[in-house]
Amino acid sequence: MIKQAIIPLAGLGTRLLPLTSVFPKELLPINGKPGIEYILDECIEAGIKEIIFIISKKKNMIKNYFNNDIFFKTIIKKKKDKRISNEYKKILKYKKMIKFVYQNNPLGTGDALLKTKKLIKDNYFLMLLPDDLIIKKNCSKAMISIHKKYKSSVMASMNVDKKTVSRWGIFNVKKKINKHNFIIKDVVEKPSQKDAPSNKAVIGRYILPKIIFKKLLKQKSGKDGEIHITDTIQLLIKNDLKFIGHNFAGKYLDCGTMNGYIKSSLEIAKI
Ligand code: G1P
């Protein structure tokens, strides 16, 4: 069973400046609810029992949001507002499940993941990137089922416009399993259009093996000087570890850019 999920939240959010110069993007409300809560709800519905938040000192506001008992208790006492007391109950539920670790220098997803090394208990865990919202169908839940069936690592995949391949990790397909799943031959971080092996992009949902930590310890920096999990995953694939790409059924919303963020609110309001 996959019981633990990791969410890297220490990124600077430069694509959403100037808002993110004072406010963590993951707390920005999407249709009245902080973006991070959509990710938490996806995890909980998929059966996750513990969630590890990787934050930084600059993003302590995220920790405060989930540890704000005094504020809630005083307000609830005074106001007896049903909506606020329901929100409080929900936040208490989240709080019991969340552990915090720190990545104070944003050196990449691989470096972020390493900060959780001591906390991972089982052979596999889930990782979710908070910019990538997937609505209408629980992607993590579907990936956990695939993991159970094939006993392998799994990554979410989506076909993207060829002109945008350099914004994503891109897959090279080894073998199609069925309409929604394929065995991954290679994965390359943000290739040029010329070098991209396909238009199948990595979307931020990963089921990863615990042994990735051993490789991460030796991982050198890659694209733009960052330590990318994509590079470590490629190494694991080359060491004959099975990774499955899953074309998810839900709708993808990119909350990491201003246009995407605005569109996300509109899309979610329609549900
Ligand atoms: C990260 C990953 C990339 C993946 C993308 C999905 O990139 O490094 O492989 O395709 O998330 O959103 P970032 O968005 O941090 O630049």
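The values are calculated or read from the model by the stated rules, or taken from the named source; none is laboratory data. No experiment lies behind these values; they were computed from the predicted model shown. Please note: Cβ atoms are built from the backbone with ideal geometry, for glycine as well, and neighbour counts cover all protein chains shown. Areas reflect the complete protein model, heavy atoms only, side chains present, ligands, DNA and RNA absent. Shrake-Rupley method; radii C 1.70, N 1.55, O 1.52, S 1.80 Å.
Observations
- Near the amide H of residue 248, within less than 5 Å, lie the amide hydrogens of 157, all on another chain or at least 5 residues away, with H placed in the peptide plane.
- Ordering of 63-70, 1-8 by packing is 1-8, 63-70, highest average first (other Cβ atoms within 10 Å, averaged per residue).
- Packing-based ranking of 89-97, 44-52, 104-112, 200-208 yields 200-208, 104-112, 44-52, 89-97, ordered from highest to lowest mean Cβ neighbour count within 10 Å.
- Here the accessible area is traced with a 1.4 Å probe on the protein chains. For the chain, carbon and sulfur cover 55 percent of it.
- Taking all protein chains into account, the per residue accessible area for the chain stands at 51 Å² (1.4 Å probe).
- With 22 Å as the limit on Cα-Cα distance, the pairs of 136/179; 148/242; 49/251 that go past it are 49/251.
- Amide proton proximity set for residue 177, modelled H, under 5 Å, gap of 5+: 182, 183
- Cα-centred dipole magnitude for region 42-97, charges only on beta-carbon of K, R (+1) and D, E (-1), debye, nearest 20: 380
- Beta bridges from DSSP with both residues in the chain: antiparallel share about 60 percent, rounded to the nearest 5.
- Region 210-226 - phi-based ³J(HN,Hα) in whole Hz, Karplus 6.51/-1.76/1.60, Gly and Pro as x: 4, 5, 4, 4, 4, 6, 4, 4, 9, 5, 7, 5, x, 2, 6, x, 9
- Given charges at Cβ of Lys, Arg, Asp, Glu: the chain dipole, positive-most of 235, 178, 21: 178
- 3J(HN,Hα) from dihedral phi, region 242-252, Karplus parametrisation 6.51/-1.76/1.60, rounded to Hz, x for glycine, proline: 7, 10, 9, x, 10, 6, 6, 8, x, 9, 8
- From helices alone, the chain scores -10000 deg cm²/dmol at 222 nm; the rule is -39500 (n - 2.57) for each run of n ≥ 4 DSSP H residues, then divide by the residue total.
- Under the Karplus curve 6.51 cos²θ - 1.76 cosθ + 1.60, θ = phi - 60°, whole-Hz ³J(HN,Hα) for region 64-72, x wherever Gly or Pro sits: 4, 4, 8, 10, 10, 3, 4, 4, 4
- Mean separation of Cα contacts under 8 Å, 6 or more apart, over the residue count of the chain: relative contact order %: 24
- Charge tally in the Cβ shell below 14 Å around residue 92, where Lys, Arg are +1 and Asp, Glu are -1, residue 92 excluded: +3
- Region 101-193 shape via C-alpha gyration tensor axes, a/c threshold 1.5: oblate
- Each Lys and Arg adds +1 at its Cβ and each Asp and Glu adds -1 at its Cβ; summed about the Cα centre, the chain shows a dipole of about 780 debye.
- Cα centroids of region 23-62 and region 164-191: 27 Å apart.
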